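The values are calculated or read from the model by the stated rules, or taken from the named source; none is laboratory data. None of these values were measured; they are calculated from a predicted model. Don't worry about glycine lacking a Cβ; one is built from the backbone with ideal geometry, like all the others, and counts go over all protein chains shown.
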Amino acid sequence: MQHPVFLEQGIRLVGHRWSPKVHELKRFLARSRLPYRWFDVESDPEARRLAATVAPGSDTFPIVLLADGTVLMDPDVGTLAEQLGLPTEPSATSYDLVIVGGGPAGLAAAIYAASEGLHTVVVEQDVPGGQISYSALIENYPGFPQALDGSDLAHRMVQQAERFGAEVVLTRRAVGLRAEGEQRHVALDDGTDVVGSAVLLAFGVSFRWLDAPGCAQLVGAGVYYGAATIEAASCADQDVYVLGGGNSAGQAALFLARVARTVHILTRDGSLDESMSDYLVRRIERTPNIVVHLNTTVADAGGNGHVEWIEVKDTETGRTRRVPAYALFVFVGATPRSEWLDGVVDRDDQGFVLAGVDDLCSTSPTWPLERRPYLLETSVPGVFAAGDVRKGSVKRMTAAAGEGAMAVQFVHRYMRETFGWEMGLNGRQALAAQSPSAAGRSAAGRSAAEAASSPTPGAPAPAATVT
């Protein structure tokens with residue numbers, strides 16, 4: 001995505017340290033790789049000076065100041081994205097392929113689909129990258145022997161997809177799906193529809209919330225989900241807790257240990273080796289300010305407007321103890337937010353989408369065609385699923401990206417069968433007599449990709465093409 005030039009000068013965010021709204025704005029800006037400075041109105045005289053200058057006499061926070069002089073009072077993430085010039089609406093109403101979700105699966109699919117001439121849009125409810133954009137250190141992605149952070153990798157994938165002509169729309173949530181003849185309609189949260197000849201469901205999973213008293217009302221005020229990279233600086237010389245025993249928890253603990261006085265890992269497992277990669281376990285063992293508590297969980301949390309203590313529970317004995325805590329970072333699994341597919345696409349009892357690889361999908365009574373569903377096709381012909389949202393998928397970033405790329409090949413097969421479109425390495429050529437509008441869209445998509453790939457004097461070299 002092309003960010004406005006003034007963003008290079010940074011964004012200023014003024015607000016209270018324990019404001020959930022401030023946390024949301026910081027999270028959005030950080031994961032979007034947009035430079036900003038945060039001013040704590042309670043402890044920073046400069047924060048109070050800025051507030052008095054732009055909103056004298058006002059007690060409304062947070063305040064966002066853009067470098068062009070725009071002042072936003074208590075904005076939500078969507079408003080901020082629009083003011084920053086980020087793409088929050090599709091440029092068209094009809095596409096060859098609509099991808100719901102901008103994580104590794106969705107972005108990989110966008111790269112392959114757009115590079116092969118499909119007019120493609122990615123609809124992402126937050127920012128691109130999915131859960132990988134929370135990770136500070138990705139060390140096991142093929143081709144990157146040196147660690148890179150997840151938001152950087154996501155940013156590269158977006159650039160690559162856009163270079164081929166794909167659109168990536170942010171802060172826009174899919175709320176409904178319906179099939180009308182050969183068209184697939186995705187309803188968005190602003191009341192509009194995006195129509196696709198095919199749809200790929202790649203919206204992944206979301207953090208599972210901790211079911212413990214006191215925690216829900218403190219989210220963003222000391223209880224955080226996947227936000228270690230965002231809140232680490234504020235945890236300097238503090239005692240913080242990380243709940244979870246998987247790789248995400250291990251990565252967060254190691255990152256926080258750089259600045260925190262002590263990082264306590266709480267896990268229900270009897271050993272970190274049960275669910276965490278070996279390289280992370282060994283690194284944690286060598287980090288002196290990380291303390292691991294096995295067979296342990298959080299039973300409660302509380303404080304005056306923010307986390308001040310948590311109640312730690314021994315899962316074997318049931319005993320609890322209250323300990324002071326500055327912050328609690330929660331990594332207790334993930335769940336698909338697929339309720340918007342109710343009554344349309346078959347899912348299992350946990351909400352994961354059934355696809356053609358699953359016998360329950362292949363034998364679904366709602367399947368209308370004589371042929372069996374393609375490998376990643378759902379119970380609705382022309383609607384596919386890839387990545388973590390699919391039942392039985394391998395919950396790894398590389399696997400998700402591979403499924404996204406693979407899904408495009410089944411989209412091609414579906415389109416040949418349904419519309420008579422011919423596919424090739426140089427892009428799709430529609431049979432104009434059967435689908436002239438699609439032919440025009442395909443040409444437009446190829447033109448955008450060709451224009452994006454043309455070098456601009458003084459511009460940096462584009463990212464390498466995935467083959």
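Observations on the structure shown:
- Every pair of residues 6+ apart whose Cβ atoms lie under 7 Å, when the first sits in region 195-216 and is aromatic (Phe, Trp, Tyr) while the second is assigned to a loop (DSSP other than H, G, I, E, B): 203/101; 207/226
- Extreme residue, nearest to residue 174 (Cα to Cα), among residues of region 346-357 that are surrounded by 13 or more Cβ atoms within 10 Å (Cβ to Cβ) and over 22 Å from the mean Cα position of the chain (by Cα): 346
- Count of residues meeting criterion [polar (S, T, N, Q) and either in contact (Cβ under 8 Å) with a residue 60 or more places away in the chain or in a strand (DSSP E or B) (or both)] in region 266-291: 1
- Checked against the criterion of being surrounded by 15 or more Cβ atoms within 10 Å (Cβ to Cβ), among the aliphatic types (A, V, I, L, M) and at pLDDT below 95, the candidates 256, 294, 210 yield just one match: 210.
- Considering region 13-29, and only residues there that are touching a helix residue (DSSP H, G or I) at 6+ places or on another chain (Cβ under 9 Å) and surrounded by fewer than 19 Cβ atoms within 10 Å (Cβ to Cβ), the residue that is farthest from residue 74 (Cα to Cα) turns out to be 17.
- Qualifying positions in region 245-265 - in contact with a Leu (Cβ under 8 Å, 6 or more places away or on another chain) and in a loop (DSSP other than H, G, I, E, B): 245
- Filtering region 320-350 to residues that are closer than 17 Å to residue 204 by Cβ, of a type in the set (Gly, Ala, Ser) and at pLDDT below 95 leaves 333, 334.
- Any hit, region 364-374, residues being surrounded by 23 or more Cβ atoms within 10 Å (Cβ to Cβ), part of a loop (DSSP other than H, G, I, E, B) and more than 25 Å from the chain's Cα centre (by Cα): yes
- The listed residues are 60, 79, and the only one of them that is under 19 Å from the mean Cα position of the chain (by Cα), over 17 Å from residue 128 (Cβ atoms) and at pLDDT 90 or above turns out to be 79.
- In region 234-244 there is no residue matching the filter, namely being farther than 25 Å from residue 25 by Cβ, of a type in the set (Val, Ile, Thr) and in a strand (DSSP E or B).
- Any hit, region 379-390, residues being among the charged types (D, E, K, R), more than 19 Å from residue 182 (Cβ to Cβ) and at pLDDT below 90: no
- Tally, over region 300-343, of residues that are buried (at least 18 other Cβ atoms within 10 Å of the Cβ) and among the polar types (S, T, N, Q): 1
- Qualifying residue in region 94-111 (condition: in contact (Cβ under 8 Å) with a residue 60 or more places away in the chain, out of contact with any Leu (no Cβ under 8 Å at 6 or more places or on another chain), on the phi > 0 side of the Ramachandran plot and not polar (S, T, N, Q)): no
- Scanning region 292-337 for residues that are under 28 Å from residue 395 (Cα atoms), free of Cβ contacts under 8 Å to residues at least 60 places away in the same chain and part of a loop (DSSP other than H, G, I, E, B) yields 294, 295, 315.
- Restricting 58, 32 to residues that are within 27 Å of residue 306 (Cα to Cα), among the polar types (S, T, N, Q) and surrounded by 20 or more Cβ atoms within 10 Å (Cβ to Cβ) narrows the list to 32.
- Of all residues in region 156-207 being among the hydroxyl-bearing types (Ser, Thr, Tyr) and part of a loop (DSSP other than H, G, I, E, B), the one that is surrounded by the most Cβ atoms within 10 Å (Cβ to Cβ): 171
- Taking the numbered list (1) closer than 18 Å to residue 158 by Cβ; (2) in contact with a Pro (Cβ under 9 Å, 6 or more places away or on another chain) in turn, residue 16 passes all entries but (1).
- Residues within region 213-253 that are surrounded by 24 or more Cβ atoms within 10 Å (Cβ to Cβ) and hydrophobic (A, V, I, L, M, F, W, C), tallied: 8
- Taken over region 381-401, the criterion of being more than 20 Å from residue 103 (Cβ to Cβ) and out of contact with any Pro (no Cβ under 9 Å at 6 or more places or on another chain) is satisfied by 382 alone.
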